[in-house]
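What follows is calculated from the coordinates using simple rules that are stated; it is not laboratory data. As the structure is a prediction and not an experimental result, all values here were calculated from the model. Quick reminder, even Gly has a Cβ in these numbers, built from the backbone with ideal geometry, and neighbours come from all protein chains shown.
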Ligand SMILES: [Zn+2]
């Protein structure tokens, strides 16, 4: 090992000095070198700090980040291209299941802690003075928990797993060790109960405790989409299923001097006097987190636009205060966009500005399904036909699992020649001339199971026929966890990757001919 390393040291400088130096453009070198670890660290430490609360969509931290970006763009002297504004509001809706209250016998219980809900009902109130316990809720010839029981408009409590067994441990329904469908299907008994029109079902079992331990508050999140202008709140009149913890179920059963354990062995059916007062259902909230746009106007080819993007949103903060710093995802790419904007603007100030225009965009709501970029390409500020390329930085600050014990001097380059063979040539030349990293193309394999080309913002541009590049440092164990923190960023490599993107953008913005669309690879 040591020997090869020494040979490499001897050979590399010679190679650099005689082959590469003669092709380097001093202007490009000068402005690339203005991007520093110090600046990157300053921005990223702030963006990943508790103050920015994980930059969540529809949250204070996301709004704060958008303003920070706009301030930076302004300070670099970029134009505000959205009717004089840096913000392009992205109209979003969040559909989620909200529990206004869930009170049993005067005690308020909490969604995600004491129960979680499967339901798609409109907001409604659910009141009762008693609940009907129906054992396993099985309705079979061999064992029928519902015989002679009317549950219409009642609150029903059911054990939603397992089934009654005989002394030999055989299922009473099948007469053998084989589970009946009542036990093997996760939904059967609840579906059959719903056919009898109860008011609501309280379902319980170990699975509830396990799910809550594993997912906690994440069981109560909502789903974002672009606002289609339809104001109607979706939702049915179907009874919701409230999956309650075994602790809460035992509290209810205690009123009749019994417990889940007892009822699992010898299930019976009875009424429990219990005051229930709940209000819950689907709600629709609107948000308008903005894409943040800054324009650096070009010279003789200024009508042609090169778009440089990175999403600024991340997973935000949970009600319990846990936040997702997202230093790599995508604080790093957001900083990349700011840094390129800053040095290109400086070049222009010095009379070395690009021929084509550069549009820098901090994109909103990527983590919610590439929504900011989707909105931009559907509502472009500059014509899509004049948009010559999209360059996306999404996670450029780490060393991934693949390279951790090997070469750290690398970058994943994704999608380069899917639409334009020249985008790949340009990137390879820029890398050869200036940055000399390993360009890892593993994710371009259409058989790669990660399908990363389709999983970040550039893809919405590519779908419009715009040659697009995705620069990425790869996956790591802290991806989408609260551990994606700034101390784990490899700043020398992050800045080197910014430099490669800078040289690629410089070439695309300054060459005589716009990038041809001459390829159509899967
Ligand atoms: Zn992400």
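Counting beta carbons within 10 Å around each of 506, 182 and listing the fewest first gives the order 182, 506. Annotation: region 214-302 has a Kirkwood hydrodynamic radius of 19.2 angstrom, from the mean reciprocal C-alpha pair distance. Using R0 = 51 Å, the C-beta based FRET efficiency linking residue 511 and residue 51 works out to 0.80. If I model a spin label as a point 7 Å beyond the Cα along the Cα-Cβ vector, how far apart are those points for residue 447 and residue 255 in nm? Spacing of the two 7 Å Cα→Cβ label points: 6.1 nm. Reported to the nearest whole Å, the Cα centre-to-centre distance from region 199-218 to region 422-483 is 39.
Per-residue ellipticity at 222 nm computed for the chain from its helices equals -8500 deg cm²/dmol, with DSSP H segments shorter than 4 residues left out and the rest contributing -39,500 (n - 2.57). Placing a label point 7 Å from the Cα of residue 96 along the Cα-to-Cβ line, the residues of region 208-228 whose backbone N sits under 11 Å from it are 218-224. When Rg and the Kirkwood radius Rh are both evaluated on Cα atoms of region 95-284, their ratio Rg/Rh stands at 0.99. Take every pair of alpha-carbon atoms less than 8 Å apart whose residues are at least six positions apart; their mean separation over the length of region 401-483 yields a relative contact order of 44 percent. Computed from Cα atoms, the angle from the helix 333-349 axis to the main principal axis of the chain rounds to 30 degrees. For region 95-284, DSSP calls about 65 percent of its internal beta bridges antiparallel.
Extension gain, residue 42-residue 520: 0.36 nm per intervening residue step, less the Cα-Cα distance, totals 168.0 nm. The angle between the Cα long axis of helix 37-47 and the main principal axis of the chain comes to about 30°, on a 0 to 90 degree scale. Computed extension length for residue 217-residue 436: 74.3 nm, one decimal, from 0.36 nm per residue of separation with the Cα-Cα distance subtracted. The equivalent ellipsoid that matches the C-alpha gyration tensor of the chain spans semi-axes of 57, 26, 20 angstrom, in descending order. When 417, 153 are arranged by Cβ crowding within 10 Å, least crowded first, meaning fewest neighbours, the order is 153, 417. Spin-label model, residue 479 to residue 113: label points 7 Å out along the Cα-to-beta-carbon direction sit 3.4 nm apart.
The long axis of helix 2-15 is offset from the longest Cα principal axis of the chain by roughly 50 degrees. Sequence-distant contacts, meaning Cα pairs under 8 Å at least 6 residues apart, place the relative contact order of region 95-284 at 44 percent. As a proxy for reagent exposure, ranking 245, 421, 259, 456 by other Cβ atoms within 10 Å from fewest up yields 259, 421, 245, 456. With the simple spin-label model, which puts each label point 7 Å out from Cα in the Cβ direction, the residue 231 to residue 275 separation comes to 3.8 nm. Placing a label point 7 Å from the Cα of residue 402 along the Cα-to-Cβ line, the residues of region 428-443 whose backbone N sits under 16 Å from it are 437-443. Short-range pairs are left out: with C-alpha atoms under 8 Å and at least six residues apart, the relative contact order of the chain is 21 percent. Computed from the Cα positions only, the extents of region 65-152 along the three principal axes stand at 78, 33, 21 Å, in decreasing order. Using Cα centres only, tell me the gap between region 74-113 and region 262-277 in whole Å. Going from one Cα centre to the other spans 40 Å. When both bridge partners sit in the chain, DSSP labels roughly 55% of those beta bridges antiparallel. Zone of residue 382 (label point 7 Å along Cα→Cβ, backbone N under 20 Å): which residues in region 347-371? So the set is 347-364. The slack in the chain from residue 85 to residue 129, taken as 0.36 nm per residue of separation less the alpha-carbon distance, amounts to 10.1 nm. The Cα center of region 383-406 and the Cα center of region 301-320 differ in position by 12 Å.
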